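Quick notes on the structure that follows.
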């Protein structure tokens with residue numbers, strides 16, 4: 001890749017970690033620029049105008065262009081690499097898990113991690129308290145669906161690691177921070193160990 | 001495409017319509033199998049075991065294989081066609097809008113359409129009533145972000161229609177059913193008209 005890549009990020013976010021893990025697995029260097037999301041740094045006028053009008057990280061900067069949305073940034077980095085299957089069905093199946101991650105997994109598993117670990121239950125709004133049971137149940141359902149699938153095969157798509165595993169690893173491996181018990185999902189636990197054994201794997205805190 | 005394609009769907013769903021519109025734009029035939037989601041037909045044991053463990057439509061059947069998630073099904077159909085840009089940045093930018101659609105647009109614009117048009121406000125649960133203001137505001141923010149972007153360019157990505165436009169057209173053009181006023185978003189209205197003028201466009205009810 002000839003262009004300089006810079007990740008605009010909040011490093012403790014699983015969505016940002018996905019992008020770093022993708023780059024690490026491919027041996028690519030990423031510049032990193034950290035934002036304090038709790039201080040509203042991604043809602044500043046400059047960030048909204050220049051980096052992402054949606055006010056969120058991660059955003060991958062490619063030269064003078066920007067790719068918001070974690071899974072799109074991962075796809076940009078991995079395009080043409082072994083992390084994206086060559087088969088037409090397998091490529092769509094990989095995207096299927098990545099869209100499912102953003103719709104069924106992240107808004108529950110990642111959101112409850114944020115509510116527990118960053119906001120604190122004592123500070124939850126009435127709306128957060130009202131939403132909690134449904135988000136907990138939907139998070140458990142997402143983990144159960146993964147567990148059932150990973151009980152039948154080693155990787156989410158076909159027979160090797162793809163971006164789908166990277167995308168879902170990010171928040172699944174820290175799901176306990178959202179009040180989920182990974183011991184309830186043994187096939188998921190085995191898969192987490194498999195991901196961590198892939199060459200050039202890097203941890204979230206790296 | 002040599003395999004038979006069958007869309008497992010609920011035709012009034014924008015997510016299902018996306019897949020039909022993609023196929024129509026490419027001149028491809030889709031078999032269609034309708035499910036009554038209000039009667040729980042996508043939660044049946046058979047559907048969960050054979051079609052989609054996540055209990056949702058659309059699911060694109062390709063021979064004996066299944067692609068759940070609307071935007072992954074669109075990608076499968078359009079893979080290698082003019083609906084997906086050849087440039088690496090533009091391809092990722094297209095996916096960026098499609099992930100954004102599922103995270104920021106559909107859970108607000110489409111969900112409120114469903115709540116208004118299928119459940120009926122008189123029947124909303126306490127949780128739905130509590131969530132309504134945030135979903136309305138997030139839906140308006142999503143439409144405003146599109147309007148600002150489409151005020152600067154004719155199509156979401158680069159200079160022509162892509163799957164990103166198909167994905168976002170689906171629920172945007174029926175947003176009034178969710179209580180949103182399209183007249184508040186004139187650049188979006190102009191873009192809706194442009195999409196409707198593309199050769200082989202088909203309407204949702206077709």
field: residue B:127 being more than 8 Å from every other protein chain (Cβ to nearest Cβ), in contact with a helix residue (DSSP H, G or I) (Cβ under 8 Å, 6 or more places away or on another chain) and modelled with pLDDT of 95 or more
entry: no
statement: Taking the stretch A:186-200 and keeping residues free of Cβ contacts under 8 Å to residues at least 24 places away in the same chain and surrounded by 13 or more Cβ atoms within 10 Å (Cβ to Cβ) leaves A:189, A:192
task: Scan the stretch A:85-122 for residues that are assigned to a helix (DSSP H, G or I), under 17 Å from residue A:38 (Cβ atoms) and out of contact with any helix residue (DSSP H, G or I) (no Cβ under 9 Å at 6 or more places or on another chain) and jot them down.
output: A:122
Lone unmet requirement of (1) more than 9 Å from chain A (Cβ to nearest Cβ); (2) surrounded by fewer than 23 Cβ atoms within 10 Å (Cβ to Cβ) for residue B:88: (1)
query: Conditions: (1) in contact (Cβ under 8 Å) with a residue 24 or more places away in the chain; (2) at negative phi; (3) surrounded by fewer than 21 Cβ atoms within 10 Å (Cβ to Cβ). Residue B:27 meets all but one. Number of the miss?
result: (2)
- request: Only residues that are at the interface with chain B (Cβ under 7 Å from one of its Cβ atoms) and either in a strand (DSSP E or B) or farther than 19 Å from residue B:84 by Cβ (or both): list them for the stretch A:43-84, please.
  value: A:53, A:54, A:62, A:65, A:67, A:68
- line: By residue number, the members of the stretch B:151-179 that are part of a loop (DSSP other than H, G, I, E, B) and more than 17 Å from residue B:83 (Cα to Cα) are B:151, B:152, B:153, B:173, B:174, B:179
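The values are calculated or read from the model by the stated rules, or taken from the named source; none is laboratory data. Computed from a predicted model, the values in this text were never measured in an experiment. Reconstructed Cβ throughout: ideal geometry from the backbone, glycine too, with neighbour counts over all protein chains shown.
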